[in-house]
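Visitor: Let me begin by handing over the structure; questions about it come next.
The values are calculated or read from the model by the stated rules, or taken from the named source; none is laboratory data. This one's a predicted model, so the numbers in the text were calculated from it and none came from an experiment. Because the Cβ atoms are built from the backbone with ideal geometry, glycine has one as well, and the counts that use them run over all protein chains shown. SASA here: full protein model, heavy atoms, side chains in, ligands and nucleic acids out. Shrake-Rupley method; radii C 1.70, N 1.55, O 1.52, S 1.80 Å.
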Amino acid sequence: MKNIVTPGDELGVMEEYLEGEGVYGNGNGYLRSMYTGKAFYDMVKRTANVIPARKAKFPRQGDMVIGVVTMIKPDMVILDIYGKLILTGRTYLVEEFSGTLTGLIPINLVAHEYVKDLHDYFYTGDIVIAQVTGSRNPFQLSTKKPICGVIYSLCPECNTPLEVVDERTMKCPECGEKVKKKVALIKNRDQIYSRMKRVLSFYVY
Amino acid sequence: MKYGETPQLIKEDGTRLDGRKPEDPRPIHMEVGVLENADGSAYVSFGKTRVLAAVYGPREPIQKYMVLPDRAILRVRYHMAPFSTGERKSPAPSRREIELSKVIREALEPVVITELYPRTMIDLFIEVLQADGGTRTTGVTAASLALADAGIAMRDLVSGVAIGKVNGVLVVDIDEVEDMYGEADMPAAMATKLGLVTLLQLNGVLTKEEFVQAMEMAKKTLEKVSEMQRKTLLEKYSSVLQV
């Protein structure tokens with residue numbers, strides 16, 4: 001058996017192992033790889049896995065994603081998802097998708113408290129961190145976690161970037177306008193969105 | 001040679017016009033990751049046939065009504081560059097190109113695991129830079145390499161080759177001249193590890209025995225091509241995989 005595999009290479013037979021990550025059983029009794037990568041046999045779970053050298057970027061359940069609010073309806077927020085935020089210890093990694101995908105935050109997944117009006121939490125054009133809770137294209141998202149929420153927003157009066165006051169308020173440094181937001185409690189907010197080149201080209205000027 | 005007469009395509013010693021034996025393919029060259037902005041890309045050449053393939057996605061579909069609720073849609077655009085043929089070709093998609101786009105899409109659909117990317121779209125662009133026979137099979141070969149390079153889940157790699165019949169002899173990987181004056185042209189694409197034939201067309205006439213023999217020749221050649229594809233992928237990712 002080979003250690004490094006390409007799509008279609010055999011990793012074993014179905015009697016030996018269960019299908020793990022990046023592996024499928026093709027009905028002839030063989031386990032085959034889906035990706036170019038390294039074969040990894042988990043002897044505790046008895047699964048055959050492939051650790052891909054490169055995997056198409058696609059959100060999975062539980063991932064943190066970065067998006068821009070495009071529309072606010074009475075009971076949901078619609079986002080364009082631009083990329084994935086990978087939290088590795090103290091640093092962030094931003095992985096951009098190919099193009100955008102759509103995300104929805106239903107009103108019950110916005111915050112822990114009762115939400116009367118979504119405009120007290122987001123506004124069109126806000127850059128938002130959210131967690132994926134669904135698994136198909138209009139991805140259901142949640143911002144209930146403290147690190148989820150708005151990381152960049154412009155003042156509705158004068159278009160200056162807002163500054164964070166606390167977890168529910170942002171303030172304009174120019175005109176002093178106070179705006180209600182669901183703020184992401186995460187360090188270096190500006191670093192996160194500045195790594196999203198395409199988001200930047202649209203909103204930050 | 002008089003006008004309207006078929007030229008001698010097989011020489012006295014049994015070799016073809018370019019010196020190949022009937023069962024030899026042209027020199028094959030493959031590269032992956034040639035385009036910076038595509039998610040996956042590949043460049044494949046079979047002799048003078050040169051093809052570039054690029055993959056984008058999975059991404060948001062531009063026409064939402066096309067979307068499938070349980071899997072991704074695969075869109076393929078096969079296109080010949082205006083400078084790829086002897087006479088300048090109009091850059092607008094012709095009837096032939098639209099048909100080949102469909103044929104190539106259907107050759108790749110069985111191997112791409114689209115169920116992993118529901119309600120999205122995977123875009124595949126195949127550009128023929130130089131056409132010298134066998135562009136659709138070279139296109140399939142390049143496209144499956146580009147898909148694998150993009151990291152899209154696949155059941156197997158697809159490789160293609162055209163088998164022809166010239167002067168009564170079955171030959172592997174026919175070029176433009178052999179295609180034009182030959183008696184038959186049979187492009188075939190296979191997922192060799194799974195033993196699936198995903199593309200099979202036949203222009204001209206073959207007897208039953210010849211057809212069986214031609215499929216055997218195609219299978220033998222495609223096993224070699226598939227091995228080359230795997231080697232090309234591993235070459236690019238060997239540095240990543242060693243760590």
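Visitor: Looking only at region B:86-100, decide whether some residue is crowded, with 20+ Cβ neighbours inside 10 Å and either in a loop (DSSP other than H, G, I, E, B) or not aromatic (Phe, Trp, Tyr) (or both).
Guide: yes
Visitor: Still on this model: Could you pull out the residue among A:LYS197, A:LYS145, A:LYS187, A:LYS180 that is of a type outside the set (Ser, Thr, Tyr), farther than 16 Å from A:LEU79 by Cβ and at pLDDT 90 or above?
Guide: A:LYS180
Visitor: For the subset of region B:48-58 comprising residues that are modelled with pLDDT of 90 or more and within 10 Å of another protein chain (Cβ to nearest Cβ), which member is most open to solvent (accessible area, probe 1.4 Å)?
Guide: Our first condition is that a residue be modelled with pLDDT of 90 or more; within region B:48-58, this holds for B:48-56, B:58.
Next, from what is left, pick out any that are within 10 Å of another protein chain (Cβ to nearest Cβ): B:55-56, B:58.
Values: B:VAL55: 0, B:TYR56: 64, B:PRO58: 2 Å².
This residue is B:TYR56.
Visitor: Kindly establish whether B:ARG105 is in contact (Cβ under 8 Å) with a residue 60 or more places away in the chain, within 28 Å of B:VAL172 (Cβ to Cβ) and of a type in the set (D, E, K, R).
Guide: No; evaluated as a whole, the condition is false for this residue.
Visitor: Do the conditions hold for A:LEU79, that is, is it open to solvent by less than 20 Å² (accessible area, probe 1.4 Å), assigned to a strand (DSSP E or B), in contact with a Ser or Thr (Cβ under 8 Å, 6 or more places away or on another chain) and modelled with pLDDT of 90 or more? I'd like the intermediate steps shown before the answer.
Guide: On the way: open to solvent by less than 20 Å² (accessible area, probe 1.4 Å): yes; assigned to a strand (DSSP E or B): yes; in contact with a Ser or Thr (Cβ under 8 Å, 6 or more places away or on another chain): yes; modelled with pLDDT of 90 or more: yes.
So A:LEU79 fits the description; yes.
Visitor: Right, another one. Working carefully through the options B:LEU124, B:LEU129, find the one that is among the aliphatic types (A, V, I, L, M), modelled with pLDDT of 95 or more and open to solvent by 20 Å² or more (accessible area, probe 1.4 Å).
Guide: Answer to the check: B:LEU129.
Visitor: Also, quick follow-up: Quick check on region B:216-234: of everything there that is more than 10 Å from chain A (Cβ to nearest Cβ) and either in contact with a helix residue (DSSP H, G or I) (Cβ under 8 Å, 6 or more places away or on another chain) or touching a residue at least 40 places away in the same chain (Cβ under 8 Å) (or both), which residue is farthest from A:LYS55 (Cα to Cα)?
Guide: B:MET217
Visitor: For region B:198-210, which residues satisfy the criterion of being of a type outside the set (Gly, Ala, Ser) and either within 9 Å of chain A (Cβ to nearest Cβ) or in contact (Cβ under 8 Å) with a residue 12 or more places away in the chain (or both)?
Guide: B:THR198, B:LEU199, B:LEU200, B:GLN201, B:LEU202, B:ASN203, B:VAL205, B:LEU206, B:GLU210
Visitor: Which of (1) open to solvent by 20 Å² or more (accessible area, probe 1.4 Å); (2) at pLDDT 95 or above is the odd one out, the single condition B:GLY204 does not satisfy?
Guide: It fails just one condition, (2).
Visitor: Taking region B:1-52 on its own, how many of its residues are aliphatic (A, V, I, L, M), touching a residue at least 60 places away in the same chain (Cβ under 8 Å) and out of contact with any Gly (no Cβ under 9 Å at 6 or more places or on another chain)?
Guide: Count: 4.
Visitor: Right, here's the next one. If you take the residues of region A:22-50 that are without any contact (Cβ under 8 Å) to a residue 40 or more places away in the chain, β-branched (Val, Ile, Thr) and assigned to a strand (DSSP E or B), which of them is nearest to B:ILE152 (Cα to Cα)?
Guide: Among residues in region A:22-50 that are without any contact (Cβ under 8 Å) to a residue 40 or more places away in the chain, β-branched (Val, Ile, Thr) and assigned to a strand (DSSP E or B), the one nearest to B:ILE152 (Cα to Cα) is A:VAL23.
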